[in-house]
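The values are calculated or read from the model by the stated rules, or taken from the named source; none is laboratory data. These numbers come from a predicted model, not from an experiment. Every residue, glycine as well, gets a Cβ built from its backbone with ideal geometry; the counts of neighbours run over all protein chains shown. Quick note on the areas: whole protein, heavy atoms, side chains included, nothing else; ligands and nucleic acids left out. Shrake-Rupley method; radii C 1.70, N 1.55, O 1.52, S 1.80 Å.
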Amino acid sequence: MFNNLIKSLNFLSHNIYHINRSIPTVLFHTNSASFVNKQDKSLEEDDFDLQRKESAKIKNLERLGSIKSHISWPQYNRIIYPPTEDGKPIRNPFVHHMRHFVKYPAKKMWYPALMIRGMSIDEAIKQLSFHRLKGAHIIKEVLLEAQDLALKQHNFEFKSNMWISYSTAVDSFRVKGVRKHRAMRLGMVEYKYCTYYVRLEEGAPPPNYHLEAETYEARAKEYIEKLRKRSIYLSI
């Protein structure tokens with residue numbers, strides 16, 4: 001009797017599963033005021049929804065302490081600046097973009113990232129196409145993503161009228177593993193991940209960008225001034 005009961009329950013669950021699959025699921029779309037299939041919903045998700053899902057996953061890892069917190073970089077795209085006053089230079093439109101969890105050391109990614117600073121977007125893509133490092137091709141993909149993001153979501157007028165004002169790579173996290181050698185010997189292996197940041201600005205690149213860039217002497221001078229301005233807490 002007990003076996004017959006189990007067989008009947010399995011038969012009912014199997015039939016219910018096929019009935020649910022045969023009935024099309026519909027959802028009400030608020031923007032178009034029409035019904036759309038659930039299968040087509042994935043096609044209608046825009047880049048913002050995908051970015052929000054990825055940021056939610058990254059925030060969970062940040063809460064656990066697995067990775068460093070660098071998610072604030074795309075938030076610069078949402079800042080609304082006041083209108084520029086008369087006589088002051090107009091602020092060029094810009095877009096911030098990044099890529100998390102790049103399985104590549106930040107030390108190797110830093111070389112092509114620094115090379116393209118101050119270049120136009122077309123020149124940077126050309127230079128990265130002929131670079132021998134693997135990180136250069138990763139940066140090229142991120143630049144193409146940022147270019148598409150600038151045109152579709154940030155109202156850049158022309159595809160080629162933008163330049164790289166900032167580009168760098170930092171360590172994200174490392175995963176340690178063990179590799180077996182001969183005679184029962186073991187070796188430590190590190191799988192390094194990095195995060196790449198880029199900022200695109202609309203317009204032509206400045207001709208003297210590298211001359212105006214911050215040098216080591218300027219950074220050392222700023223650090224010394226910062227030390228001289230120190231004060232003792234709760235002192236007179």
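Computed quantities for the displayed model
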read-out: Residue that is farthest from A113 (Cα to Cα), among those in segment 177-236 that are assigned to a strand (DSSP E or B) and of a type in the set (K, R); value: K180
read-out: Residue in segment 118-139 that is of a type in the set (S, T, Y) and under 24 Å from P93 (Cβ atoms) present; value: yes
read-out: The one condition in (1) touching a residue at least 24 places away in the same chain (Cβ under 8 Å); (2) out of contact with any Asp or Glu (no Cβ under 7 Å at 6 or more places or on another chain); (3) surrounded by fewer than 15 Cβ atoms within 10 Å (Cβ to Cβ) that G187 fails to fulfil; value: (1)
read-out: Of the criteria (1) loosely packed, with under 14 Cβ neighbours inside 10 Å; (2) of a type outside the set (S, T, Y); (3) not in a loop (DSSP other than H, G, I, E, B), which one F173 fails; value: (1)
read-out: Some residue of segment 89-101 being aromatic (F, W, Y) and either at pLDDT 85 or above or open to solvent by less than 60 Å² (accessible area, probe 1.4 Å) (or both); value: yes
read-out: Unique match (being at pLDDT 90 or above and of a type in the set (A, V, I, L, M, F, W, C)) among L227, L234, L211; value: L227
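Listed here are the residues, each with its yes/no results for (1) farther than 21 Å from W110 by Cα; (2) touching a Lys or Arg at 6+ places or on another chain (Cβ under 8 Å); (3) surrounded by 12 or more Cβ atoms within 10 Å (Cβ to Cβ).
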position	(1), (2), (3)
L149	yes, no, yes
F158	yes, no, no
I164	no, yes, yes
Y191	no, yes, no
E222	yes, no, no
